[in-house]
Amino acid sequence: MKNIKYHIVLLLITSVILSCDDAEQTLFEGPYFVRFTERETFVKENFHDPMNQNFNDPIQIDLHLAAPAQRNTTTIRYQVTGTAVENVDYIIPGGENKRLLVPAGQFKSSIPVRIINNRANDGDKTIIFTITEVNNDLEIGFGANGINGRSHTLTITEDDCPVDIRQFEGTWEFNQNNDEFIYQVEIFVDYSRNNRIIMLGYAGLDVEGAFAFANLDMCTRELFIPEQNLGPFGGNAGRTRSAGNGSFDEQAGTLRFSYSLDVFGTTVRRVSARKLQN
């Protein structure tokens, strides 16, 4: 019996030692490097509400250090190429020097990119970011010739396909939750914005002048309601937003989407709308 216990203890000790050896063998000891966190990103040209100007909110292109905490600031320099034109198709706020700083002891930084929306059907465009220089004896990317993580491609996808948006204008019947609530909404096209319609009488609220706007993706025939205050001039009827992307068929005169409105709580309401003959 003692011999059996002895062999069991010996086996456990051996297992622990082997586990420690495996951990030591898989411990990353360099070379240390800087890299883009992701290889590519896709964003629609009009992916967010442009509000009072023709810009979207900035998106972030992340980089990180695959290295121990650095005692000094890490300076990363990069170049930008691709088919998109800076200051025409996009802006990099504060990016005149094409340089990022990662403070000592930190591991991440990011490049902000503000997409410029337009009305032209000029196809998808790419922005290619490539790391060109880094200090603190760090390498650029990893693998053969540092090819992995050295570059990041941001693709701006087109959303300005030919659609006669005038067909949206008129009176629509909104059917909410399969005949639970039916009401009429006046839809106008906001020609001063890109791909936007205004829905007067949205949600069927008895609030004079209550409206919400929706952005349209003309190529995919999708509809999206950015989070916004509902009411006259962004007034007092609470905040609303769509639950995912809806759809539209301007020729058939139909809309489908789901939304929530704070004054109704967290319940999501489904809308099926059809345009009435004017």
Could you grab me the full set of residues in segment 82-104 that are at negative phi and either open to solvent by less than 30 Å² (accessible area, probe 1.4 Å) or touching a Ser or Thr at 6+ places or on another chain (Cβ under 9 Å) (or both)?
-> Thr83, Ala84, Asp89, Tyr90, Ile92, Gly95, Arg99, Leu100, Leu101, Val102, Pro103, Ala104
Are there any pairs with C-beta distances below 9 angstrom linking a residue in segment 64-83 that is within 16 Å of Phe33 (Cβ to Cβ) to a residue that is outside any loop (DSSP other than H, G, I, E, B) and at pLDDT below 95, with the two at least 6 apart or on different chains, and if so which?
-> Ala66/Phe142
Of the residues in segment 237-278, those that are assigned to a loop (DSSP other than H, G, I, E, B), β-branched (Val, Ile, Thr) and modelled with pLDDT under 90 number 1
Residue within segment 261-277 that is in contact with a helix residue (DSSP H, G or I) (Cβ under 7 Å, 6 or more places away or on another chain) and open to solvent by 20 Å² or more (accessible area, probe 1.4 Å) present = no
Give segment 105-158 a look and list any residue that's open to solvent by 50 Å² or more (accessible area, probe 1.4 Å), out of contact with any Leu (no Cβ under 9 Å at 6 or more places or on another chain), of a type outside the set (D, E, K, R) and at negative phi, or say none.
-> Asn121, Thr132, Asn135, Phe142, Ala144, Ile147, Asn148
Looking at segment 132-156, which of its residues are among the aliphatic types (A, V, I, L, M) and either closer than 19 Å to Arg39 by Cα or without any contact (Cβ under 8 Å) to a residue 60 or more places away in the chain (or both)?
-> Val134, Ile140, Ala144, Ile147, Leu154, Ile156
Filter segment 159-180 for residues that are open to solvent by 30 Å² or more (accessible area, probe 1.4 Å) and closer than 30 Å to Arg39 by Cα and give the result.
-> Cys161
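If you take the residues of segment 32-46 that are open to solvent by less than 60 Å² (accessible area, probe 1.4 Å) and of a type in the set (Phe, Trp, Tyr), which of them is farthest from the chain's Cα centre (by Cα)?
Step one: of segment 32-46, the residues open to solvent by less than 60 Å² (accessible area, probe 1.4 Å) are 33-37, 41, 43, 45-46.
From what is left, the residues that are of a type in the set (Phe, Trp, Tyr) are 33, 36.
Details: Phe33: 27, Phe36: 17 Å.
My answer is Phe33.
Restrict the check to segment 14-31 and report whether at least one residue is modelled with pLDDT of 80 or more and surrounded by 17 or more Cβ atoms within 10 Å (Cβ to Cβ). Full working, then the answer.
The first filter runs over segment 14-31 and keeps only residues modelled with pLDDT of 80 or more, leaving 31.
From the residues that got through so far, the ones that are surrounded by 17 or more Cβ atoms within 10 Å (Cβ to Cβ) too are none.
No, segment 14-31 contains no residue that is modelled with pLDDT of 80 or more and surrounded by 17 or more Cβ atoms within 10 Å (Cβ to Cβ).
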Taking the residues in segment 220-235 that are in contact with a strand residue (DSSP E or B) (Cβ under 8 Å, 6 or more places away or on another chain), of a type outside the set (D, E, K, R) and open to solvent by 10 Å² or more (accessible area, probe 1.4 Å) as candidates, determine which candidate is modelled with the lowest pLDDT.
-> Gly234
Of the numbered conditions (1) open to solvent by 60 Å² or more (accessible area, probe 1.4 Å); (2) touching a Gly at 6+ places or on another chain (Cβ under 6 Å), Tyr183 fails exactly one; give the number of that condition.
-> (1)
When segment 60-81 is checked residue by residue, the ones that are more than 15 Å from Gly94 (Cβ to Cβ) and open to solvent by 40 Å² or more (accessible area, probe 1.4 Å) are Asp62, His64, Pro68, Ala69, Arg71, Asn72, Thr73, Gln79, Thr81
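The values are calculated or read from the model by the stated rules, or taken from the named source; none is laboratory data. None of these values were measured; they are calculated from a predicted model. Glycine also receives a Cβ, built like all others from the backbone with ideal geometry; neighbour counts cover every protein chain displayed. Remember, those area values only see protein heavy atoms, side chains included, never the ligands or the DNA or RNA. Shrake-Rupley method; radii C 1.70, N 1.55, O 1.52, S 1.80 Å.
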